[in-house]
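Undergrad: Take a look at this one; I'll ask things after.
Where a number appears in this text, it was derived from the coordinates with a stated rule and is not lab data. Since the structure is predicted, the reported quantities are computational estimates derived from the model, not experimental observations. Every residue, glycine among them, receives a Cβ derived from its backbone with ideal geometry; neighbour counts consider all protein chains shown.
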Amino acid sequence: MFIPAKPGGLDVQEIFQLTNSTKQTLTGGSLVDPNGKQKTGWFIPLPQGFQNLSVQQGLSKGDYAVVKDGFQVYKPVKPGTAEIGIVYSLSSNAPVTFTKKFPFTTNALLIDVPKNSFTIAGKGLQQMQTLTDQGVDYVRYVYNGAFQLGDQIDITVNPATATAAGANSADNKVAAGYNVPWHPDGHVAFFTSEPLSY
C-alpha cells in the first residue's frame, strides 16, 4: 500500500501479490456482478468511502467490476505469482482512520508514505527504513505477522510536521500535494497471499 498526498483527500495505491502454490488454476467462488449475472472470482473489499477506482496493472477490462464495498476480480490465478495494482481515492484528509480487510491469507503488509507527508499508526505496524525513489524519500511501515481470511486492521493516517529547514524540499512538495507518479513495484507496499483458496 502506498499513500501519496493530494489536495482534498488521499490517493491510495495498492499492489496485491497473489501466490498460487498449487498445480491448478484457481477460479474463486460464486459472485453476482453489478448487472445481476453469475460470475466466478474473488471479492476484494476496499475501505468505506473509496472512490474513483482504477486498475494500474494485472487486469484488463472485463476482468473486474467495481461494486459497493470493493471490487470483484474474475480473472483466474494460474500457478505461480500474479500482481494486481489499483489506485483509489478517499475523500477525507489526514488525520483519518480506515479499515483494511483481508480477502486472502496474507503473509506481509507494507505501507510506504512520502517522508514528511504522513505518519502511519495501527496495531502491529512498525516504522522501518527510509527508501529513496526518483529523488523522493519514502518511509516504510511493516506489519509483523500474518492475516487470515476475514481479518482486518485499522490504519490511521496522520499529517507529519515538516521541518522549516526542508520547506522547499522534494519531500515537502509531495506533502503539499504535488503530483507523484505510480509507485514502482520495488518500493510499493503489497499483500502476499498464499495459498489462494475459497
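Undergrad: Extending each Cα 7 Å along its Cβ direction at D133 and K23, get the distance between those two points in nm, one decimal.
TA: 3.7 nm
Undergrad: HN-Hα J couplings of the stretch 63-73 from phi, Karplus 6.51/-1.76/1.60, θ = phi - 60°, integer Hz, Gly and Pro as x?
TA: Once θ is set to phi - 60°, the couplings for the stretch 63-73 become 7, 7, 8, 7, 10, 3, 10, x, 8, 9, 10 Hz.
Undergrad: Taking the Cα centre of the stretch 63-167 as origin and charging only Cβ (+1 Lys, Arg; -1 Asp, Glu), how large is the dipole, in debye to the nearest 20? Working shown, then result.
TA: Numbers: 8 positive and 8 negative charges, 32 e Å.
Roughly 160 debye, rounded to the nearest 20.
Undergrad: Please list 3J(HN,Hα) in residue order for the stretch 88-100, calculated via the Karplus relation 6.51 cos²θ - 1.76 cosθ + 1.60 where θ = phi - 60°; whole Hz, with x for glycine and proline.
TA: Karplus-based 3J(HN,Hα) across the stretch 88-100 equals 8, 10, 10, 6, 7, 7, 5, x, 8, 10, 10, 9, 9 Hz.
Undergrad: With 22 Å as the limit, write out which pairs from K78/K101; K75/K101; K68/K100; K23/K100 have Cα-Cα distances beyond it, or answer none. Could the numbers behind the result be given before it?
TA: Values: K78/K101 24 Å; K75/K101 20 Å; K68/K100 15 Å; K23/K100 30 Å.
Checking Cα-Cα distances, K78/K101; K23/K100 exceed 22 Å.
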